[in-house]
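Shown next, in structure tokens, is the structure this report addresses.
What follows is calculated from the coordinates using simple rules that are stated; it is not laboratory data. Bear in mind the structure is a predicted one, so any value in this text is a computation, not a measurement. With ideal geometry, Cβ positions are generated from the backbone for all residues, glycine too; neighbour counts draw on all protein chains shown.
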Amino acid sequence: MRKYITDFKIIGKRVFNEMYFSLVLQHPERLPGIDAGQFVEVEVPGNKQVMLRRPISIHDVDTENNTLTLLVQVVGKGTKTLSCLEIGQTLNLVYPLGHGFCLEGKNVLLVGGGAGIAPLLHLSKCFASKGIRPTILLGGRTTNHIPVQKEFEPYGTIGFATEDGSLGEKGMVTQHSLFTNSYDHIYTCGPTPMMKAVARYAMQNNIECEVSLENMMACGIGACLCCVVDSDEGHKCVCKEGPVFNAKRLTNWINK
Amino acid sequence: MLETKIHNLTLKNPVMTASGTFGYGEEFADFVDLNRLGGIIVKGTTGERRQGNPYPRMAETPSGMLNAVGLQNVGVETFCKEVYHRIKDLDTNIIVNVSGSSIEEYCKTAAMIDELDNIPAIELNISCPNVKKGGMGFGVNPEMAAQVVSEVRKIYHKTLIVKLTPNVTNIVEIAKAVEGAGADSVSLINTLLGMAIDVEKQRPYLSTITGGLSGPAVKPVAVRMVWQVAHAVSIPVIGLGGIASAADALEFLMAGAKAVQVGTANFIDPAVTMKIIDGLEDYCKRHRINDINDIIGII
């Protein structure tokens, strides 16, 4: 899949709370095809302390308006700087990067936690276009940690799990009543302990499972070899061979 | 206008890519006309496949980054059998960075690369700070540097570039030692040994604690060392360290480098090498320079 380096214009911004914001970015021309689970490398303008691009997953794609939406959690100086951008400014992206979700299965469960819910919206829409309604389980410490909620409603059966019980069932996503229904494929993105727990359950129950990893990156295109995961076949670049991996390739990582 | 020579190699222009920052070139094919480059120094290659160091291997620092990749690579046999055939027909100088932990390993790898028709040179990496054995160990001692270069020289017949580490008291001494041992060119600088600590987690950012610093932060150190070495040896010097623009490249050329390598900047702008070549052309036009060699070493 061809990669591009392009200036996008920020045409929308939404601040959910002090942790999460989203940017709607418009491409000057027709967007290329983008797989669910792929990501962009965003140049961070206006902060001399930030040199490297930041990898951000693609939350939503609108091919009619040629826009991408990025849902971002503020975790450091790069994302903090991005949170200060305003509508009208331009943002330079290298995209679309990485290997996305496979979109297989009929009885499908999506499990997202925190910022990891970001790629699941585009994934839900891709399933919808195949006529498949997944079960979508979204988790977080509190309701504030699940910034996007009702946007998922048209695309599947939704369940929420929060540690404090402020939204949906109280507890972890893996304790949710919908989690142990019968599925043939599980797709997950979120905190590492959550993904490992989901992947372990899937493997114990012979369910196909894909996990989307989030390692620190420099180049985003498989050149610097900084973002590797210790896969069963040795070190693999999360940016190029991932970020989405079949859990079967990561038993080392899952059991560590 | 921009053509330069490094020993027997003719470069269309002085802009090459630094080892470990440009993969095998293929990763950048969507962003760069690879055939427009003066040369591509491909990923450091060792006698056997290497896994490199554990994650995390990278930390961003002011105007730079630390890495501790540790020479992860497919090994020389896979390079020769697979990678070489994918890239050998590119119309640029494809140079293999040869790394190792022992003189035997350097010689084994160099001998196998010597057999490849379309690889006109190797860059002998005696300066990697991220491997436990060998690597920089050879590059910090003039006698050991000379020894590894002279052994490789015996079995390698094409252009032999030696990549030097800045983590020494006197880089000129090392440069002279490898020149005396038969190097055709030296490239400098490899990364500066550095360290960064996450104070919230109270632990180093890198799994290896220390790593190699690169990026604009190291450029003034690199320009100084290139200038010192270019005045002390008669073989051509290739300059690198923090180059991100044509002006940066020109600093190295004026300091005495016959060519330059662009490294970390490729991560930030994958098309940066094309902009640097354009910028050099533009500079020559603006200053009415017909031959870039006219400004090499003017300082």
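Counting only helical runs of four or more DSSP H residues, what would the 222 nm mean residue ellipticity of chain A come to if each run contributes -39,500 (n - 2.57) and the total is spread over all its residues? If you can, show how the numbers build up before the last one.
Values: 4 runs with 36 residues, N = 256.
So the helix-based figure for chain A works out to -4000 deg cm²/dmol.
So what is the relative contact order of the range B:4-295, in percent, for Cα pairs below 8 Å that sit 6 or more residues apart? Don't skip to the end; give the middle numbers.
Numbers: 689 pairs, mean separation 57.2, N = 292.
Relative contact order, the range B:4-295: 20 percent.
Could you pull out the pairs from A:Lys13/A:Lys125; B:Lys5/B:Lys43; A:Lys3/B:Lys88; A:Lys77/A:Lys256; B:Lys81/B:Lys275; A:Lys48/B:Lys275 whose alpha carbons sit more than 26 Å apart here? Can you show the working numbers first?
Values: A:Lys13/A:Lys125 21 Å; B:Lys5/B:Lys43 22 Å; A:Lys3/B:Lys88 23 Å; A:Lys77/A:Lys256 29 Å; B:Lys81/B:Lys275 33 Å; A:Lys48/B:Lys275 21 Å.
From the list (A:Lys13/A:Lys125; B:Lys5/B:Lys43; A:Lys3/B:Lys88; A:Lys77/A:Lys256; B:Lys81/B:Lys275; A:Lys48/B:Lys275), the Cα-Cα distance tops 26 Å for A:Lys77/A:Lys256; B:Lys81/B:Lys275.
Which percent, to the nearest 5, of DSSP beta bridges fully inside the protein assembly as shown are antiparallel?
On the way: 54 of 107 bridges.
Among the beta bridges of the protein assembly as shown, antiparallel pairing accounts for roughly 50 percent.
In Å, the Kirkwood hydrodynamic radius of the range B:3-105 over pairs of distinct alpha carbons?
Working: mean 1/r = 0.0666 Å⁻¹.
For the range B:3-105, inverting the mean 1/r across all distinct Cα pairs yields 15.0 Å.
Order by neighbour count: B:Ile171, B:Ile197, A:Ile58, fewest other Cβ atoms within 10 Å first, most last. List each step's numbers first, then the result.
On the way: B:Ile171 23, B:Ile197 13, A:Ile58 28.
The fewest-first ordering by Cβ neighbours comes to B:Ile197, B:Ile171, A:Ile58.
Given the C-alpha centroids of the range B:84-143 and the range B:1-58, what is the distance between them in whole angstrom?
So the separation of the two Cα centres works out to 12 Å.
Less than 15 Å Cβ to Cβ from B:Ser185, Lys/Arg counted +1 and Asp/Glu -1: what total charge do the surrounding residues give?
+3
Calculated from DSSP H runs of 4 or more alone, at -39500 (n - 2.57) each and per residue, what is the 222 nm mean residue ellipticity of chain B, nearest 500?
-8000 deg cm²/dmol
Which aspartates and glutamates have a Cα lying under 17 Å from the Cα of A:Lys80, excluding residues fewer than 8 positions away in the same chain?
Straight-line reach from A:Lys80, under 17 Å: A:Glu18, A:Glu41, A:Glu43, B:Glu60.
What is the distance in Å between the Cα centroid of the range B:229-290 and that of the range B:144-188?
If we compute the Cα centre of each part, the gap is 22 Å.
Could you state the number of Å between the C-alpha centres of the range A:72-97 and the range A:1-45?
8
Given +1 on the Cβ of Lys and Arg, -1 on the Cβ of Asp and Glu, and no further charges, what dipole in debye does chain A carry about its Cα centre, rounded to the nearest 20? Don't jump to the answer; show the numbers that get you there.
On the way: 25 positive and 24 negative charges, 60 e Å.
Using Cβ point charges on Lys, Arg, Asp and Glu, chain A gives about 280 debye.
Residue by residue through the range A:89-101, which ³J(HN,Hα) values in whole Hz follow from phi under the Karplus form 6.51 cos²θ - 1.76 cosθ + 1.60 (θ = phi - 60°), with glycine and proline marked x?
Working through the residues one at a time gives 6, 9, 9, 8, 10, 9, 6, x, 10, x, 10, x, 6 Hz.
Identify the residues of the range B:47-83 with backbone N under 11 Å of a label point that sits 7 angstrom from the Cα of A:Lys48 along the Cα-to-Cβ direction, or state none.
B:63
More than 16 Å apart: what percent of Cα pairs in the range B:204-262 qualify?
Numbers: 734 of 1711 pairs.
Of all Cα-Cα pairs in the range B:204-262, 43 percent lie more than 16 Å apart.
Which whole-number percent gives the relative contact order of chain A, counting Cα pairs below 8 Å spaced six or more residues apart? Please report the intermediate quantities before stating the final value.
Working: 592 pairs, mean separation 43.6, N = 256.
Relative contact order comes out at 17 percent.
Most exposed first by the Cβ proxy, i.e. fewest other Cβ within 10 Å, how do A:Val50, B:Val223 rank?
On the way: A:Val50 20, B:Val223 23.
Ascending Cβ contact count within 10 Å gives the list A:Val50, B:Val223.
Counting only other residues whose beta carbon sits under 15 Å from that of B:Met195, what net charge do I get with K and R as +1, D and E as -1? Please list the in-between numbers first.
Details: positive: B:Arg57, B:Lys201, B:Arg203; negative: B:Glu60, B:Asp198.
That works out to +1.
Within a 10 angstrom radius of the beta carbon, how do B:His287, A:His145, A:His27 rank from fewest other beta carbons to most? Mind showing how you got there, number by number?
Values: B:His287 10, A:His145 23, A:His27 19.
Ranked by crowding around the Cβ, least crowded first: B:His287, A:His27, A:His145.
Along the positive direction of the dipole of the protein assembly as shown (beta-carbon charges: Lys, Arg +1; Asp, Glu -1; about the Cα centre), which of A:Leu138, A:Asn66, B:Val83 reaches farthest?
Comparing the listed Cα positions along the dipole, A:Leu138 ranks first.
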